[in-house]
1. Would you please put 76-82, 57-63 in order of how densely packed they are, using the mean number of other Cβ atoms within 10 angstrom per residue and starting with the highest?
2. Can you give the extra length, in nm with one decimal, that the chain gains between residue 46 and residue 84 once fully stretched, where that is 0.36 nm per residue apart less the Cα-Cα distance?
3. At a 10 angstrom cut-off on C-beta neighbours, averaged per residue, how do the peptides 44-51, 65-72 rank from highest to lowest?
Amino acid sequence: MSQSLRIDGFLARHVMRVVLLLPPFFALPPSIAWAEDKVPDNAATMAEFVRDHPSCIDFTDGCSVCTVADGKIVCSAPRIQCQVKELTCTRP
């Protein structure tokens, strides 16, 4: 009742490449991949920015666009591979 699994030469080589090449990829520390996504040290938080710029309705950090509505901050999803910058008002 037992069946043996036979893999042809091409498929076996392909599977071995995947098995041997993937572990080093996952072993990389995340800080290497995300080193560029750090906010500048002197950047204000969103709440501080809104408090300091009460007339600003829309603002951005270069990745997301945020709006102040009913005293709450609502932001879009960040763009892929963006670099976070200081918050700037886009609609006073």
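What follows draws every value from the coordinates through simple rules; no lab data is involved. These figures come from a predicted structure and were not determined experimentally. When we count neighbours, we look across all protein chains shown, and the Cβ atoms used for this are built from the backbone with ideal geometry, even at glycine.
1. 57-63, 76-82
2. Details: separation 38, 0.36 × 38 = 13.68 nm, distance 1.27 nm.
Working it through step by step, the gained length comes to 12.4 nm.
3. Details: 44-51: 13.9, 65-72: 12.4.
Averaged packing, sorted descending, gives the order 44-51, 65-72.
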